[in-house]
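S.K.: One structure coming up, written as structure tokens, with questions to follow.
No lab work stands behind these numbers, since they all come straight from the coordinates. The model shown is predicted, which means the values in this text are computed figures rather than measured ones. Using ideal geometry, Cβ is built from the backbone for each residue, glycine included, and neighbour counts are taken over all protein chains shown.
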Amino acid sequence: MTTRRLPVYFLLDCSESMIGPAVDSVQSGVERMISELRQDPQALETASVSLITFGQGAKQIMPLTELLAVQIPQLRVGPGTAMGAGLRLLSDCINRDVRKTTREQKGDYRPLVFLLTDGQPTDDWESAVDDLWSKTESRIANIYAVGCGDDVDYGLLGRVSDIVFRLDEMTSEKMNQLFVWLTASIRSASASLGTTGAGSGIDLSKLPDDVTRVEPGSYTRPTGPPRQVFVDARCSGNRKPYVMRYKLDPIGGQYYMPSASHPLEENHSSGGSELQGLDSSLLDGCPACCYCENSGACACGCGTVMCIAEPAPASIVCPGCGATLRTSSESGGGFQVKQSAG
């Protein structure tokens, strides 16, 4: 007789805005969660886990796998927040992977889905939500949506799930507390299988201190300019790519202040072709290069933004096209730089 599984899907935002401590915390949180669930006999017997990420697109980076066989892949960030693509892929995976009840045997328990995001979708999410709920007569899964920070449209998440949570900040400590709760929730759901009519629901009474439940209609969609912008650049020394993160000045709200720079993989695509150019005069300086710590930046006519030492040298070779550029200490006003999709 085939054991009835409790499928657990994690739908993880791996957009560029998650780069750095946030995605590192998610990575370590998932790894620690799997390690702890393996110590629970009931979870070990029933739970199977899958990871789906979305950024520029969506990908199931780990198929539905029993706990003992799980090997967590490295999370990779990408530009854009293709939540719609993630929801469509989730629906396809559930309909393909989850065993249905037949005359011969009972199917798997209703899946648990945990959606984690820090921003707003950049693709068609509305039709994806409609498709998600139209493929079956009953609820396809118990979905719990967790939004992190002020850039999340919580009303949108309310379309995906009627159980929405808010985590104010994505610090390592708070993300750790979140995954401790998620681990306990999966353990509790595993232990309750077969003993309650609901089956695979989770206990909502023991939320972490920094996690609050969002009631329908209690939040409005964020308005105004984006709170963060991202500019892809290259180190003028080793020519490696990195991304510069800027945050909107919370006082004046007119300029973006440098926040941090993060290394990128060589094959990283900016996804910025669909975004309007950003006037450099809106950027109040730049974060130091994460490779060489150069504290300045300039742009080539080919579109490449590169780090530059201060005071600037007389000339510099563009790490993008190889052209030799003459530099000047005189300000020439603002210029357009290509944004990354964040």
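S.K.: Report, in listed order, any pair from K59/K338; K174/K240; K174/K338 with a Cα-Cα distance greater than 28 Å.
M.R.: The answer is K174/K240; K174/K338.
S.K.: Go through the cysteines of the chain and tell me which have no other cysteine Cβ under 4.7 Å away.
M.R.: Cys with no partner Cβ under 4.7 Å: C14, C93, C148, C235, C286, C290, C292, C298.
S.K.: Ordered by packing density, taken as the mean number of other Cβ atoms within 10 Å over each peptide's residues, highest first, how do 294-301, 166-173 rank?
M.R.: Descending packing order for the listed peptides: 294-301, 166-173.
S.K.: Moving to a separate point now. Using the per-residue mean of other Cβ atoms lying within 10 Å as a proxy for protection, in what order, highest first, do the peptides 236-242, 53-59 fall?
M.R.: 53-59, 236-242
S.K.: With the alpha-carbon atoms as the only input, what is the per residue convex hull volume for the stretch 1-132 in Å³?
M.R.: 94
S.K.: Let me ask you something else. Considering only the chain, what is the antiparallel percent among its DSSP beta bridges, to the nearest 5? If you can, show how the numbers build up before the last one.
M.R.: Values: 35 of 61 bridges.
Here the share of antiparallel DSSP bridges comes out near 55 percent.
S.K.: Tell me which label goes with the value of semi-axes √(5λ) of the Cα gyration tensor in Å computed from the coordinates here: (1) 28, 24, 19; (2) 43, 20, 18; (3) 32, 26, 20.
M.R.: Here the calculated entry is (2).
S.K.: Another question, then. For K106, give me every one of the lysines with a C-alpha distance below 25 angstrom, ignoring sequence neighbours fewer than eight places off in its own chain.
M.R.: Of all the lysines, those that pass the test against K106 - Cα under 25 Å, at least 8 places apart if same chain - are K135.
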